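Below: the structure, in C-alpha cells.
The values are calculated or read from the model by the stated rules, or taken from the named source; none is laboratory data. Everything quoted here is computed from the prediction, not taken from an experiment. Here the Cβ is made from the backbone with ideal geometry for all residues, glycine too, and neighbour counts use every protein chain on show.
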Amino acid sequence: MGWKAAEKLIRHWKIVRGDNVMIIRGKDKGESGVIKRVIRSQNRVIVEGKNLVKKHIKAGPGHEGGIFTVEAPLHASNVQVVDPVTGKPCKVGIKYLEDGTKVRVSRGIGTSGSIIPRPEILKIRTTPRPTQPGPKDTPMEHVLEKTYDAKTGMGMPDL
C-alpha cells in the first residue's frame, strides 16, 4: 500500500464483520452477502462467496499446490449495508437513544430510518479469555496492597 492510500484510511468504520451488505460496484454489482472480514489497514472488506478469483499456489512442505478459488478483498466504498426493512442498500448513520445507547440507523433517500442491529457474530470471541493467571499477570495480593495514603501523604514519590 502506497503512502497516499495510507493517508486516506477510514477513521470511523460503520461497516462491521457480520453485516449484510450489497456490492454496488464491480463484477458482482447488485449481489448481497455477509462480511467475512474487515481489513482496516487497507480500507477493504471480504464478502463471503463474492469477488472470487483464481489463485495459483505452488506446492510446498506440508501442503499441496494447485489452482484455488478464493475471495478477494473489495474496497469499503464499493459495498453498502442493506436496510433491514426495505432490503435496499443504504448509508449508515449513528444515533443515540433516550437511554444513552449508541445505535446504527439507515440513512438516505428511500430508506426506512430503522435501527441496523449489531451482528451476533461480534459477541462470540475468537480466543477465549484466560481463566487462570499467567506468568505475566500481577498477583492479587499486590493489586489489593495499599501503597498510598491520602491523609498522611505516605507513599508519594519524590519528584
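A few comments on the model shown:
- Subset tally (residues that are surrounded by 10 or more Cβ atoms within 10 Å (Cβ to Cβ) and out of contact with any helix residue (DSSP H, G or I) (no Cβ under 7 Å at 6 or more places or on another chain)) for the range 42-72: 17
- For LYS54, the criteria (1) modelled with pLDDT of 95 or more; (2) under 14 Å from VAL21 (Cβ atoms) hold in every case but one, which is (2).
- Residue check, ILE109 surrounded by 10 or more Cβ atoms within 10 Å (Cβ to Cβ) and of a type in the set (A, V, I, L, M, F, W, C): no
- Any hit, the range 83-94, residues being in contact with a Cys (Cβ under 7 Å, 6 or more places away or on another chain) and under 17 Å from VAL16 (Cα atoms): yes
- Only one of the listed residues (ILE39, ILE10, ILE23) is surrounded by 11 or more Cβ atoms within 10 Å (Cβ to Cβ) and touching a Gly at 6+ places or on another chain (Cβ under 8 Å). That residue is ILE23.
- Filter result for ASP99 (in contact (Cβ under 8 Å) with a residue 24 or more places away in the chain and acidic (Asp, Glu)): no
- Top-ranked residue in the range 17-33 [being in a strand (DSSP E or B) and in contact (Cβ under 8 Å) with a residue 24 or more places away in the chain; ranked as nearest to ASN78 (Cα to Cα)]: ILE23
- All of (1) under 30 Å from MET22 (Cβ atoms); (2) loosely packed, with under 12 Cβ neighbours inside 10 Å; (3) out of contact with any Gly (no Cβ under 9 Å at 6 or more places or on another chain) hold for PRO130 with one exception: (1).
- Residue within the range 88-106 that is more than 24 Å from VAL45 (Cα to Cα) and of a type in the set (Val, Ile, Thr) present: yes
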